[in-house]
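Reading through the structure tokens given below for one structure.
The values are calculated or read from the model by the stated rules, or taken from the named source; none is laboratory data. Being a predicted model, the structure only gives us computed values, none of them experimental. Virtual Cβ from ideal backbone geometry, glycine too; neighbours counted across all protein chains shown. Heads up: the accessible areas ignore ligands, DNA and RNA and are worked out on the full protein's heavy atoms, side chains in. Shrake-Rupley method; radii C 1.70, N 1.55, O 1.52, S 1.80 Å.
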Amino acid sequence: MGETMQIRARGIRTTVAALAAVAGVAAVAVPAAAATAPASDTPRFLEPAELPPHPTSPWYAGPVTAGQPDPLPVCVGEALPSIATHRSYGTEFDTNAQQITVVERTEQRAKDFAALLRKDIAGCAEKLMEQDPDLTATQKSYGRLNVEEGAHVYGLHTASAWGSSDIGLFSVGRDSRTVTVVLWGQMGNFQHAQVADFKKTTVTAVNKLY
């Protein structure tokens, strides 16, 4: 699709719709005027082929872009600083992904930031249900991955009273001063979560940071 590549991203409908930033359904073009981060100052990001394979569609990727994603992703968005860089990915169908990376000034700051992200994810389901009484949210921890300074993987399922059902996977990993977050999502439930593939993607993402 070249320079006219399109990625799919679903806007936030309500509180649960924040998950749509991961599991989108509406196709939108990558903005031509996006502030692309300088390659020399940015850790390497995932390539489309390194994401969990989709059974019927290739993955497409937008540019590595300076700043916070818009809209902010569910669970981790409020903690993201302006120094973040991100890249969004999509398929031809209802599956999307995003990688967000933050390079902190010191290793301790990166360690604290990763801990904050994990805390936000751990309390995300409860927070979403407090914000939206019509939403049922359930989450799981899939444990720690032994890569660089470590990575943790989580799952979040949201179901609304009007019938929507979305499944998202999250990981937080760190290499020295750099923290990366990988998000994957689609319509479905925990049975549709590609956990093993997502763990491989997370390991690759952390190993590529520098």
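Numerical summary
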| quantity | calculated |
| --- | --- |
| Within segment 117-186, chymotrypsin sites (Phe, Trp or Tyr not before Pro) in DSSP loop having at most 11 other beta-carbon neighbours inside 10 Å | TRP162 |
| PHE93 - accessible surface, heavy atoms, 1.4 Å probe, Å² rounded to 10 | 100 |
| Cut-off 15 Å (backbone N to label point 7 Å along Cα→Cβ of THR56), residues of segment 153-194 | 187-188 |
| LYS119 paired with SER141, simple spin-label distance in nm, labels 7 Å along Cα-to-beta-carbon | 1.5 |
| Contour minus Cα-Cα distance for ASP70 and ASN189 (0.36 nm per residue) | 40.4 nm |
| Spread of Cα-to-Cα distances over 5 Å intervals beginning at zero, given as percent, for segment 83-194 | 2, 12, 20, 21, 20, 14, 8, 3, 1, 0 |
| Reach of LYS140 by Cα under 16 Å, taken over lysines that are not fewer than 8 positions away in the same chain | LYS119, LYS127, LYS199 |
| In Å², nearest 10: area of MET129 left accessible to a 1.4 Å probe | 80 |
| LYS200/ARG105 FRET efficiency (R0 25 Å; Cβ-Cβ; nearest 0.05) | 0.25 |
| Cα-based equivalent ellipsoid, segment 148-210: semi-axes from gyration tensor eigenvalues, Å | 27, 11, 7 |
| Accessible area per residue, Å², segment 100-210 with all protein chains present, probe 1.4 Å | 45 |
